[in-house]
Amino acid sequence: MKKVLIVGAGKGGSALLKMFHETKLMEVVAIIDQNDQAPGLELARSMHIMMGNDWRSFLTDDIDIVVEATGDSRVFSELRQACSDHTVVIPGSIAYIIAQLVEEKEQLITTLKNETTKHDLIFNSTHDGMIVIDENGYITHMNPSAEKMIEKTKKQTLGKHILDIIPSSGLPRVLKTKAVELHQELKLENGRKIITTRIPLIDETGKSFGAFAVFKDITEVVQLAEEVTNLKEIRTMLEAIIHSSEEAISVVDEHGKGILINPAYTKLTGLSEEQVIGKPATADISEGESMHMKVLKTRRPVRGARMKVGPKKREVVVNVAPIIVDGVLKGSVGVIHDVSEIQRLTAELDRARQIIRTLEAKYSFDDIIGTSEEMMIAIEQAKLAAKTPATILLRGESGTGKELFAHAIHNASDRKYHKFIRVNCAAISESLLESELFGYEEGAFSGAKRGGKKGLFEEANNGSIFLDEIGELSANMQAKLLRVLQEREIVRVGGTKPIPINVRVIAATNVHLEKAIADGTFREDLYYRLNRMPIYIPPLRARKQDIPALCQHLIQKLNQDYGRNVEGITDEALAYLLSYDWPGNVRELENVLGRAMIFMKYNEVKIDRKHIPMLHDEKERNVPSASIALKEENKTLAEMLDQYEASVIESVLKECNGNKTATAKKLGISIRNLYYKLEKYGLDKNSMQ
């Protein structure tokens, strides 16, 4: 007795259940349907046959026949894949037709003589092909669906032997064996693939008087199966790619359950497949919101979300995108990046940038540390100046970073791909400075090279030249420099032929040039040539809020120089540094931090107050008030006016808590004019106290 499992308890399933229950050749093990109200379930209950809503739990190895009566091709495909080789799976359409035919068979036997028309109507209306043969194997009936499948008309087939029309037909075998052949695959001569059920026709005496076949074209089904196979291959390939990726990847389904992770994900989070697959998308999150669930809810990708994952709470950045197939959301895929690794690589890149710089202009505006208002004004002025060909004059105390600004201006200009020449005018003797700047001709003086030599202005042609300590030039050199700025040409020492040059001049000084003009030590006409774009760089005492960032930057630089690994500075030590006025500016700060690191032990990672040498503030400048100044004897009117102006500026500056923009606005003067007066009267040294 064959054991049968019926999947689908609708009309077709009910009919099959009734038919199989009445025959002694079949034993219905169970009937399955997801609809609890299906009519077949009520019938099964009355027959004491098992029922359920999932066929997988009833599909055992001893099942001989599975009847798919739902009519769903997907269910049919799943059943075919799940069943063993000896189990026969009957498609729903065939099962339904068989049920119809068996049901109609009893009616047709009694009404065949009088209802031939009804028989032909049913026979010809079905979408499945049907062929009937007599006891000798000759075709007696064939419906239109069969004509289409075998691509032959009734006139060509009726009365012909079945093997002449379909050489591979199994109907003659059924005539001999009188056995039902269910769900047999067959390939026709025209290339079509069909699945057929062959049934012998037996009268009441047990004599065979023919056979018929019901068949369905499964060419499309086979093509779909091949496509499914291809999809499996693609899935395998994609999984191999994902597993070989060094990026941590996780995939969830439309319900937010984990379905795929790769080894990189396990390495990053510390979570295994057992801890993630089938679990909610929040299973790997230590701190933060699940981006998978957010994407599934909004159907929009999320990028750059920060969170912590895994038992070690690794800080990560995730990018998550939805998986949408034919407009249907199927899940989401996330790529996870380790922030700590990114931070480490970024730090290494920054260190590498500082170590391997080979351009002559080594610094850019990114290397200028400072967010104070005074520093931001200077940086904005420098950026504006970099875009023009104008001569630039950098003013400020020693150690404020004038050369750093000069580098940055060159690198931000359209001359950055040409040379950047640096000259310290105070470090070269006057006798050599002229030949260094302008070059010399052969024989210009004893010891001159054969063929002469290019000067630094020629070397810097199309680029920039940085003249530091411009206020230290002699009167003779000032006159020659003025000619270069005016005529844009130089004459070598010992030569007569002018050489045109295209050089941007960036000058710097810590000298009070206006006072030097008054004293007659600096040419006024040269001053106006140089002062076309003046930029005042504030002293460190005027921007103490930048000290924490400067300390961090300088500590990283000193770590490279000293081979140390100092992480930072304590709050107590920082407070001590903030209490000092730094007459030597940033250069002095670097010196103090360097000495502190030398005093540190190798197991200490932060600079503390005890490591910093004693700092001594300059004595406060006592600026006499206007009333006292007016009473002093032996003072000129100009001197008394200067003293009064200084006292007024100092008073307003204190009222504005050292805010120079507010002070300039209250005094009704420009911020540049205020900086000039602060430097003139020495008030910038006390402005931040």
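The values are calculated or read from the model by the stated rules, or taken from the named source; none is laboratory data. Being a predicted model, the structure only gives us computed values, none of them experimental. Note: ideal-geometry Cβ built from the backbone for every residue, glycine included; neighbour counts use all protein chains shown. All accessible areas refer to the heavy atoms of the entire protein, side chains included, with ligands and DNA or RNA removed. Shrake-Rupley method; radii C 1.70, N 1.55, O 1.52, S 1.80 Å.
A few remarks follow.
- Positions within region 273-305 being out of contact with any helix residue (DSSP H, G or I) (no Cβ under 7 Å at 6 or more places or on another chain) and hydrophobic (A, V, I, L, M, F, W, C), in sequence order: Ile277, Ile285, Met291, Val295, Leu296
- Matching option when the condition is part of a strand (DSSP E or B) and closer than 17 Å to Ala264 by Cβ, among Glu341, Glu315: Glu315
- Residue among Ala426, Ala408 that is closer than 30 Å to Leu589 by Cα, part of a loop (DSSP other than H, G, I, E, B) and touching a helix residue (DSSP H, G or I) at 6+ places or on another chain (Cβ under 6 Å): Ala426
- The selection criterion, being touching a residue at least 60 places away in the same chain (Cβ under 8 Å) and open to solvent by 50 Å² or more (accessible area, probe 1.4 Å), does not hold for Glu246.
- Filtered residue count, region 652-674, keeping only those that are hydroxyl-bearing (Ser, Thr, Tyr), closer than 24 Å to Lys515 by Cβ and open to solvent by 30 Å² or more (accessible area, probe 1.4 Å): 1
- Residues that are open to solvent by 30 Å² or more (accessible area, probe 1.4 Å) and at pLDDT 85 or above within region 418-433 comprise His418, Lys419, Arg422, Asn424, listed in sequence order.
- The residues on offer are Ile409, Ile355, Ile377, and the sole one that is β-branched (Val, Ile, Thr), at pLDDT 90 or above and under 25 Å from Gly463 (Cα atoms) is Ile409.
- Restricting attention to region 272-291 and to residues that are touching a Gly at 6+ places or on another chain (Cβ under 8 Å) and under 24 Å from Met237 (Cα atoms), the residue that is surrounded by the fewest Cβ atoms within 10 Å (Cβ to Cβ) turns out to be Gly278.
- Residue among Lys24, Lys11 that alone is open to solvent by 30 Å² or more (accessible area, probe 1.4 Å), more than 25 Å from Thr126 (Cα to Cα) and over 52 Å from the mean Cα position of the chain (by Cα): Lys24
- For region 437-456, a residue qualifies if it is at pLDDT 85 or above and part of a loop (DSSP other than H, G, I, E, B), and exactly one does: Gly455.
- Checking each residue in region 27-69 for being among the polar types (S, T, N, Q) and open to solvent by 70 Å² or more (accessible area, probe 1.4 Å) picks out Gln34, Asn35, Gln37, Ser46, Asn53, Ser57.
- Scanning region 163-214 for residues that are under 17 Å from Asp128 (Cβ atoms) and part of a helix (DSSP H, G or I) yields a single hit, Leu171.
- The set of residues in region 249-308 that are in a strand (DSSP E or B) and of a type in the set (A, V, I, L, M, F, W, C) comprises Ile249, Val251, Val252, Ile259, Leu260, Ile261, Ile277, Ile285, Val302, Ala305, Met307.
- Failed criterion for Glu181 (all others in (1) over 30 Å from Ile336 (Cα atoms); (2) at pLDDT below 85; (3) touching a helix residue (DSSP H, G or I) at 6+ places or on another chain (Cβ under 7 Å) hold): (2)
- Check on Gly206, modelled with pLDDT of 85 or more and more than 15 Å from Val318 (Cβ to Cβ): no
- Single unsatisfied condition, Phe405 versus (1) touching a strand residue (DSSP E or B) at 6+ places or on another chain (Cβ under 7 Å); (2) open to solvent by 50 Å² or more (accessible area, probe 1.4 Å); (3) not small (Gly, Ala, Ser): (2)
- Leu433 vs. criteria part of a strand (DSSP E or B) and not hydroxyl-bearing (Ser, Thr, Tyr): no
- Lone unmet requirement of (1) open to solvent by 90 Å² or more (accessible area, probe 1.4 Å); (2) modelled with pLDDT under 85; (3) among the acidic types (Asp, Glu) for Asp350: (1)
- Extreme residue, surrounded by the most Cβ atoms within 10 Å (Cβ to Cβ), among residues of region 516-543 that are out of contact with any Phe, Trp or Tyr (no Cβ under 8 Å at 6 or more places or on another chain) and under 26 Å from Asn659 (Cα atoms): Ala542
- Lone qualifier among Ile598, Ile555 - being surrounded by 19 or more Cβ atoms within 10 Å (Cβ to Cβ), at negative phi and in contact (Cβ under 8 Å) with a residue 12 or more places away in the chain: Ile555
- For region 495-553, residues that are more than 26 Å from Phe420 (Cα to Cα) and among the small types (Gly, Ala, Ser) total 5.
- Against the criterion of being crowded, with 22+ Cβ neighbours inside 10 Å and hydroxyl-bearing (Ser, Thr, Tyr), Thr509 qualifies.
- Close pairs (8 angstrom Cβ cut-off, 6 or more residues apart or separate chains): at positive phi and among the acidic types (Asp, Glu) in region 444-470, modelled with pLDDT of 90 or more and outside any loop (DSSP other than H, G, I, E, B) anywhere: Glu469/Ala508; Glu469/Thr509
- Only one of Gln486, Gln478 that is touching a residue at least 40 places away in the same chain (Cβ under 8 Å) and surrounded by 13 or more Cβ atoms within 10 Å (Cβ to Cβ): Gln478
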